[in-house]
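Nothing in this text is a laboratory measurement; each read-out follows from the coordinates by a stated rule. Everything numeric in this text was worked out from a predicted model, so none of it was measured. Cβ coordinates were reconstructed from backbone atoms using ideal geometry, including for glycine residues, and neighbour counts include every protein chain displayed.
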Amino acid sequence: MIVYDNRFNGNEWFIIAGLIVGISIMYFLPKRFPKKFSIVFFMCGVFSGFFFDHSLSVEPVDYYDVNDKSTYQIMDFLSYISYGPISYFFFYFYDRIKPSSSLLYILIWSLINVGLEWCAEKVGVFHYKHGYQLYYSFPIYLLVNSCWTLLYYRYHGTVANSNQDSVL
């Protein structure tokens with residue numbers, strides 16, 4: 001086990017502040033989706049963060065550690081939840097984007113994601129190991145954001161079909 005820090009400091013405050021700010025903004029934004037889709041869009045971030053962090057930060061690859069220790073802690077769980085508002089915002093703003101702008105939107109959000117990861121790394125949320133570099137995350141964000149875009153179109157089709165069903 002590697003111990004990076006034993007104090008409650010910058011990395012914990014970064015996660016807590018990000019979670020509070022993100023959920024607060026979500027709460028005050030005008031509601032754009034039905035509640036069940038809002039929950040799905042929020043959980044996309046939680047699942048993606050959990051999936052990729054546990055794929056890349058455990059043996060046999062073990063490219064980075066999250067937070068103060070190389071073992072799982074409660075603050076790690078909160079860090080996964082903090083991905084939820086990010087994914088919700090991705091869907092929320094994508095709802096106003098023309099399909100022809102999708103690639104640019106995915107690229108911009110991937111850069112935003114890398115920027116947020118850079119901030120998190122600077123305050124000690126991530127500790128890279130075995131040659132892992134921040135820019136390796138960029139293709140992962142491209143993949144995740146592309147999948148989220150496909151999910152959005154699946155959602156859009158579901159809503160359109162349910163509206164047609166209610167008319168019939």
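Summed over the stretch 41-61, residues that are farther than 15 Å from Ile140 by Cα and either in contact with a Lys or Arg (Cβ under 7 Å, 6 or more places away or on another chain) or outside any helix (DSSP H, G or I) (or both) total 4. Would you mind stating whether Gly22 is within 22 Å of Val144 (Cβ to Cβ), surrounded by 13 or more Cβ atoms within 10 Å (Cβ to Cβ), in contact with a helix residue (DSSP H, G or I) (Cβ under 9 Å, 6 or more places away or on another chain) and of a type in the set (Gly, Ala, Ser)? Taking the combined requirement at face value, the residue satisfies it. Here Asp76 meets the list (1) under 17 Å from Ser55 (Cα atoms); (2) touching a residue at least 24 places away in the same chain (Cβ under 8 Å); (3) charged (D, E, K, R) almost entirely, failing just condition (2). Does at least one position in the stretch 115-137 carry a residue that is farther than 30 Å from Asn9 by Cα and either in contact (Cβ under 8 Å) with a residue 24 or more places away in the chain or among the aromatic types (Phe, Trp, Tyr) (or both)? Checked the stretch 115-137: no residue is farther than 30 Å from Asn9 by Cα and either in contact (Cβ under 8 Å) with a residue 24 or more places away in the chain or among the aromatic types (Phe, Trp, Tyr) (or both). Based on this model, can you work out whether Ser87 counts as in contact (Cβ under 8 Å) with a residue 40 or more places away in the chain, outside any loop (DSSP other than H, G, I, E, B), in contact with a Cys (Cβ under 7 Å, 6 or more places away or on another chain) and farther than 15 Å from Gly124 by Cα? Judged against the criteria, Ser87 is a match.
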